[in-house]
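Asker: Have a look at the structure that comes next, please.
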Amino acid sequence: MSSLLKIITVLFIICPCVSFGKDVLKAKEGITWDSENKEYLATGDVIYQSDEIKISSDFLRAKYEIKDDREVFNEIEVKGSIEIFYNDEIYYSDYGLYFKQKSLIELYDNVKIVSKDRILKGDKLIIDLKNNTRTMSASKKESVVEVFINE
């Protein structure tokens with residue numbers, strides 16, 4: 001193992017936090033850096049945070065690309081106990097994908113949106129951050145989309 005890789009491994013063990021510009025990735029169990037596949041794998045009380053969004057989950061895979069000699073996250077996959085905080089809304093699900101450059105989030109399984117005045121539940125949610133739209137759907141025949149409005 002190269003000396004640089006040993007140093008990075010020790011730093012992840014001591015302080016499991018990766019920060020690039022304004023993106024921060026933390027994990028209680030640990031973070032694995034795979035430079036060949038250009039991705040990070042994080043497990044155990046994972047938190048990803050940028051200027052606009054905060055995501056917590058049990059597992060996270062963050063793919064990146066090199067831009068201007070920096071690693072820039074472009075696709076984030078999350079699994080298990082997902083909570084996404086964006087503006088005044090909180091999103092919950094079991095599985096999700098965040099396409100950062102497209103400003104698009106896809107959530108699947110046990111999906112819920114909680115905001116000040118309403119709760120929406122369904123099986124699949126597409127969040128278009130750029131156009132400020134939310135599209136909830138039921139993916140199973142016996143499923144329905146539910147809306148609870150606080151009056």
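Readers should treat all values here as calculations from the given coordinates under stated rules, not as data from a laboratory. From a predicted model like this one, the values you see are computed outputs, not experimental measurements. Virtual Cβ from ideal backbone geometry, glycine too; neighbours counted across all protein chains shown.
Asker: Measuring from label point to label point, each 7 Å out along Cα→Cβ, what is the LYS22 to SER81 span in nm?
Answerer: Placing both labels 7 Å along Cα→Cβ, they lie 2.9 nm apart.
Asker: Peptides 111-119, 88-96: what's the order by average Cβ count within 10 Å, highest mean first?
Answerer: By packing density, highest mean first, the sequence is 88-96, 111-119.
Asker: Would you calculate the separation in nanometres between label points at TRP33 and ASP94, each defined as 7 Å from the Cα along the Cα-to-beta-carbon direction?
Answerer: In this crude spin-label approximation the distance works out to 3.4 nm.
Asker: While we're here: Starting from 0.36 nm per residue, how many nanometres of slack lie between LYS130 and LYS54 once their C-alpha separation is accounted for? Can you show the working numbers first?
Answerer: On the way: separation 76, 0.36 × 76 = 27.36 nm, distance 1.64 nm.
Length gained between LYS130 and LYS54: 25.7 nm.
Asker: Calculate the length of the line joining the C-alpha centroid of segment 97-124 to that of segment 35-51, in whole Å.
Answerer: Rounded to whole Å, the Cα centres lie 20 Å apart.
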